[in-house]
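Step one of this worksheet: look at the structure below.
The values are calculated or read from the model by the stated rules, or taken from the named source; none is laboratory data. If you're wondering where the values come from, they're calculated on a predicted model, not measured in any experiment. Positions of Cβ are backbone-derived with ideal geometry, glycine not excepted, and every protein chain shown enters the neighbour counts. When the accessible area is computed, the model is the full protein with side chains, heavy atoms only, and any ligands, DNA or RNA have been set aside. Shrake-Rupley method; radii C 1.70, N 1.55, O 1.52, S 1.80 Å.
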Amino acid sequence: MSIDPRNKETDLARIFLEPTNATHRQYEALRAYFVEGVRSAEAARRFGYSPGSFRGLCHQFRQDPRRCFFLAPNKGPKVAPKRDPARQEVIALRKQNLSIYDISEALARSGEKLSPAAVALILKEEGFARLPRRRDDERPAGARATAADVADVRQLNLEPRRFRTKFGGLFLFLGYLAEISFDKMLQRAGFPGTKMLPAGHAMRSLLALKLFGNARHSHVMSYVFDEGLALFAGLNVIPKRAFLTEYSCRIDPGCYPTLMRRWFNAVSQLGLDRGASLDLDFHTIPYHGDDALVEKHYVSKRSRRQKGILAFLAEDADRRVFCYANGDLRKDQQNDEILRFVTFWKKRTGRLPEELVFDSKLTTHANLNELNQRGVNFITLRRRSRKMLDAIRQIPLSAWRRIELEGIARAYRTPRILDEKIQLAEYDGPIRQLTITDLGHEEPTLLVTNQLRRSPVKLIGRYAQRMIIENSIADGIDFFHMDALSSAVAMKVNCDLQLTLMASSLYRLLGAGVGNGYEKAKSRHIFRDFIDATAFVEIDEKAIMVRFQKRAHNPLLLEAGLDKTDTRIPWLGNRRLTLVFG
């Protein structure tokens, strides 16, 4: 169908002068084009159409001026078969100040089933305002969450009773905390506390969640009614996640170094031996916020640099226990952290570390020289440059010698080495460099150490455990959920690191006490065999008896003498703790 330009206003008037029969935007666009003489491109631009879509619209109109796309869409039925018959009854009940839930129940009793949403829609159509929100005690009976009591040490119930707890394994650590006077230690370190929640009870609550190896976000609010978890902390109920987060923010950062020193001395007195070799490493705790003051660091788990909190960790290679941590590091401070650790170790043990093992990015050549001057042995890697690699390729095969590594379960046991003494910038005197090939890597490995007389087999064998070292540190980080900054219980990094140190020491003490290979077992292994255990707790006037269920590993606990535990727990009414297995 074509439009006669001379009579287009006459032909289109009956359509364009009735805007109720067309959508507003299409009506105005076509009117501007056909009646006002606006060019198609300008009309399309004015009303938000693309030129192609507007040409298609005009073509459809020319083909059939009375097309249905001009008509208003049908928006559904105008009647509600279920609502309309009950409308007058709903209005009458609403005038009696009944809520929508009460109206729905009243209709159901009279045989009219109408949901609260349908009742609310009728009242909205009739212009009724919403009633004020009712208090919890005014609401009708129904399924709802049970509110737990407020954590208060003064409400601790030690009346004789018996109950079941999922956290029975935590009571294996209770004796250690009692022997080191945990509450006094925190008080002397300056940790804050109140009459409702003293410092010892607050930190034991956090430590319990750290010791029980599940992700923080999944086992805090789920177990607020577990009496065993609360009894471990010495409270009527475990504090909620809001308090746990808030408490970690109240602690003065200066309290953590004091607590770390006191804890180090206390666990040493309990019999936690110190090994001769220590593994050092940086760990970046990812940060997912927008704070501009947070620096970017390398995250090995993601193989990229991103915003995060840089933490320095020291782990005893023989005992596999974290013995030092610092989360207050910036980029301009990270190179000197190794020297601060050496000073810390000297003050705590009275001697310098015998050996430090770390990677090439931990510190600088000047600090390596400082370690050598102090008499600290170290093993580290040297960063490879293109010039160094080209020089290594020019060395004749006759200069290399092949060795056989001992006690290492790996495919490449016979690498070729080049043992030489070199000079480093900012390092006084010669330093030993071992260039190693045939280790399964494309490029040679450059090992640097100040141990000039130790055999290459032992040096390479020690550093060949680097992958085991990194796996051990990674396992500790994962098991003690240090990266859980986005969990429901968000804690300050310093507080989380200190809790990790304490939890790691307690696991090592338990493993050393059990023996039978658990001295070097991973914390996850100890948790699975001993800590993740259900128990029944019996409280009487003088003692607290924890009776564990039958488990395959209970004989190891009996052999370790834990069934003879008879320790008074100061924060539990000075009652004696006894453990029964099976």
Kindly indicate which of ALA129, ALA151 is in a loop (DSSP other than H, G, I, E, B), of a type in the set (Gly, Ala, Ser), out of contact with any helix residue (DSSP H, G or I) (no Cβ under 6 Å at 6 or more places or on another chain) and surrounded by 11 or more Cβ atoms within 10 Å (Cβ to Cβ).
ALA151
Residue by residue through segment 256-273, note down the ones that are surrounded by fewer than 19 Cβ atoms within 10 Å (Cβ to Cβ) and not small (Gly, Ala, Ser).
PRO257, THR258, ARG261, ARG262, ASN265, GLN269, LEU270, ASP273
Can you run down the residue pairs with Cβ atoms below 9 Å, 6 or more apart or on separate chains, where the first is in segment 142-161 and free of Cβ contacts under 8 Å to residues at least 60 places away in the same chain and the partner is exposed (fewer than 14 other Cβ atoms within 10 Å of the Cβ) and among the basic types (Lys, Arg)?
ARG154/LYS195
Does segment 382-405 hold any residues that are closer than 16 Å to SER455 by Cα, surrounded by 10 or more Cβ atoms within 10 Å (Cβ to Cβ) and either of a type outside the set (A, V, I, L, M, F, W, C) or in contact with a strand residue (DSSP E or B) (Cβ under 9 Å, 6 or more places away or on another chain) (or both), and which are they?
TRP400, ARG401, ARG402, ILE403
Consider segment 109-124. How many of its residues are open to solvent by 70 Å² or more (accessible area, probe 1.4 Å) and either within 15 Å of LYS95 (Cα to Cα) or basic (Lys, Arg) (or both)?
3
Going by the structure shown, is GLY407 among the small types (Gly, Ala, Ser) and at pLDDT below 90?
yes
Which number in (1) free of Cβ contacts under 8 Å to residues at least 40 places away in the same chain; (2) over 23 Å from ASP318 (Cβ atoms); (3) open to solvent by 50 Å² or more (accessible area, probe 1.4 Å); (4) of a type outside the set (Lys, Arg) marks the one condition that LEU418 misses?
(3)
If you go through segment 212-219 one residue at a time, do you hit one that is open to solvent by 10 Å² or more (accessible area, probe 1.4 Å), aromatic (Phe, Trp, Tyr) and in contact with a Leu (Cβ under 7 Å, 6 or more places away or on another chain)?
no
Checklist (1) outside any loop (DSSP other than H, G, I, E, B); (2) out of contact with any Gly (no Cβ under 7 Å at 6 or more places or on another chain); (3) open to solvent by 60 Å² or more (accessible area, probe 1.4 Å) applied to ASP529, failing item
(3)
Output for segment 232-250, where each listed residue is within 23 Å of the chain's Cα centre (by Cα) and open to solvent by less than 10 Å² (accessible area, probe 1.4 Å)
ALA233, ILE238, PRO239, LEU244, TYR247, SER248
Across segment 356-390, what is the total count of residues that are outside any helix (DSSP H, G or I) and under 21 Å from GLU315 (Cβ atoms)?
14
Segment 567-582 residues that are without any contact (Cβ under 8 Å) to a residue 60 or more places away in the chain, paired with ones that are part of a strand (DSSP E or B) and of a type in the set (Lys, Arg) (beta carbon under 7 Å, 6 or more apart):
ASN574/ARG568; ARG576/ARG568; VAL580/ARG547
When the residues of segment 162-189 are filtered to those that are outside any helix (DSSP H, G or I) and either hydroxyl-bearing (Ser, Thr, Tyr) or within 27 Å of the chain's Cα centre (by Cα) (or both), which remaining residue is surrounded by the most Cβ atoms within 10 Å (Cβ to Cβ)?
PHE167
Counting only residues that are out of contact with any strand residue (DSSP E or B) (no Cβ under 7 Å at 6 or more places or on another chain) and not basic (Lys, Arg), which one in segment 322-332 is nearest to LYS520 (Cα to Cα)?
ASP328
Within the bounds of segment 45-53, is there any residue that is part of a helix (DSSP H, G or I), surrounded by fewer than 17 Cβ atoms within 10 Å (Cβ to Cβ), among the hydroxyl-bearing types (Ser, Thr, Tyr) and at pLDDT 80 or above?
yes
Please count how many residues of segment 491-549 are charged (D, E, K, R) and without any contact (Cβ under 8 Å) to a residue 40 or more places away in the chain.
4
Does GLY517 qualify as being part of a helix (DSSP H, G or I), out of contact with any Leu (no Cβ under 9 Å at 6 or more places or on another chain) and modelled with pLDDT of 85 or more?
no
